[in-house]
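To keep things clear, I will list the structure first and then write my remarks on it.
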Amino acid sequence: MGGPEAGGPEATGRRCGVLGDPIAHSLSPTLHRAGYAALGLDWEYDAHRVGPGGLRDFLDGLGAEWRGLSLTMPLKREAVGVVDDLTERARLAGAANTVLLEGDRRVGDNTDVPGAIAAIRERTGAHLTSAAILGGGATATSVGLALADLGVRSLALVVREPARAAETREALNGHPGRPDVVVGILDDPAPLEVDLVASTIPAEAQDHRLVARCRAAEVVFEVLYHPWPTPLAASAGDRVLVSGLDLLLHQAAVQFELFTGHRAPLAAMRAAGEQALAARSAAGDPRP
């Protein structure tokens, strides 16, 4: 990787950013800017508020200096119909959290999948065969695909209404590993007897009954990073805990390398993220 065409060290003054709505809370600018600073890159990375239906117009307005975009709610699935090409993992997920700008071509990718794999493996090398995912949106899909890549063969999607998990279930059924996918209900009191439980739902949806259902899981994966800790994360105790910052960091590192052509300086990016979260907590910032 490298060179001006690939956004390598010779390409200066390049621009990247994160899009979504809401977006002011995003730590992505903090992580990417820390990476640029660590490597001495003259690049910019900013947050841009873009709501549903607005991605195409934003892309159409970009100049040649733009190299890549990170996408969050509600644009990950919208991106699939806007880009020119999709990587295989984005196609399988039916969602793209990344747009790589290569001249006139817009390539959609999904770095949540490798990011989730790296985040889990950073915390545990345990053999995982079963998992439950709370929620059924685009992030749940990516986490489920990552778990299937790690060898999980039994996946439960736990949602308020089964219809909300339809797209995610379809995507997971398309994984080459053919995991057994079932759909459960959040209000069901039955314990979740799984190796890992991953939550993609808001902290306020994690009541004491739901947290109690998750106690059997040896690994807790909370995709949120603020507010922290969520009720589920706080209940982890001496179990393995994979945090939302772990996921954000590792998926951002893959984006960083795609955009710049350089290996991501993980230590610098993590330190910046931890510092920013500590400052938010100290200030009592209530943003999700």
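Throughout, read-outs are computed from the coordinates displayed, never taken from laboratory work. Predicted model, so just to flag it, every value in this text is computed and none were measured. Please note: Cβ atoms are built from the backbone with ideal geometry, for glycine as well, and neighbour counts cover all protein chains shown.
Things to note:
- Among Ala198, Ala212, Ala165, the residue with the largest mean-square fluctuation in a Gaussian network model of the chain, with springs joining Cα atoms closer than 10 Å, is Ala212.
- Asp21-Ala212 FRET efficiency (beta carbon distance; Förster radius 35 Å; 0.05 resolution): 0.55
- Local electrostatic count, Met269, Cβ distance below 13 Å [Lys/Arg +1, Asp/Glu -1]: 0
- Length available on full extension from Arg91 to Arg153: 0.36 nm per residue minus the Cα-Cα distance, which gives 20.2 nm.
- Largest GNM mean-square fluctuation among Ala156, Ala190, Ala95, using the chain with Cα springs under 10 Å: Ala190.
- Between the range 19-84 and the range 229-278, the alpha-carbon center distance in angstrom: 18
- In sequence order, calculated HN-Hα J values of the range 173-179 (Karplus, 6.51, -1.76, 1.60; Hz; x Gly/Pro): 5, x, 5, x, x, 6, x
- Estimated FRET transfer efficiency (Glu122, Glu204; beta-carbon r; R0 30 Å; 0.05): 0.60
- For the options Asn110, Asn97, Asn173, a Gaussian network treatment of the chain with springs between C-alpha atoms closer than 10 Å singles out Asn173 as fluctuating the most.
- ³J(HN,Hα), Karplus 6.51/-1.76/1.60, whole Hz, each residue of the range 15-26, x for Gly, Pro: 10, 9, x, 10, 10, x, 7, x, 9, 4, 7, 4
- Pairwise Cα distances in the range 114-245 exceed 23 Å for 22 percent of all pairs.
- Spread of Cα-to-Cα distances over 5 Å intervals beginning at zero, given as percent, for the chain: 1, 6, 12, 17, 19, 17, 13, 8, 4, 2, 0, 0
- In the range 114-245, a dipole from Cβ-located charges (positive for Lys and Arg, negative for Asp and Glu) runs towards its positive end, and of Pro227, Ala217, Ala203 it is Ala217 whose Cα lies farthest in that direction.
- Extension gain, Arg178-Ala166: 0.36 nm per intervening residue step, less the Cα-Cα distance, totals 2.7 nm.
- Here the 3J(HN,Hα) profile of the range 63-79, calculated from phi with Karplus coefficients 6.51, -1.76 and 1.60 at θ = phi - 60°, is x, 5, 6, 7, 10, x, 9, 9, 10, 10, 4, x, 9, 5, 7, 4, 4 Hz, Gly and Pro shown as x.
- Placing +1 on each Lys and Arg Cβ and -1 on each Asp and Glu Cβ, with no other charges, gives the range 114-245 a dipole about its Cα centre of roughly 120 debye.
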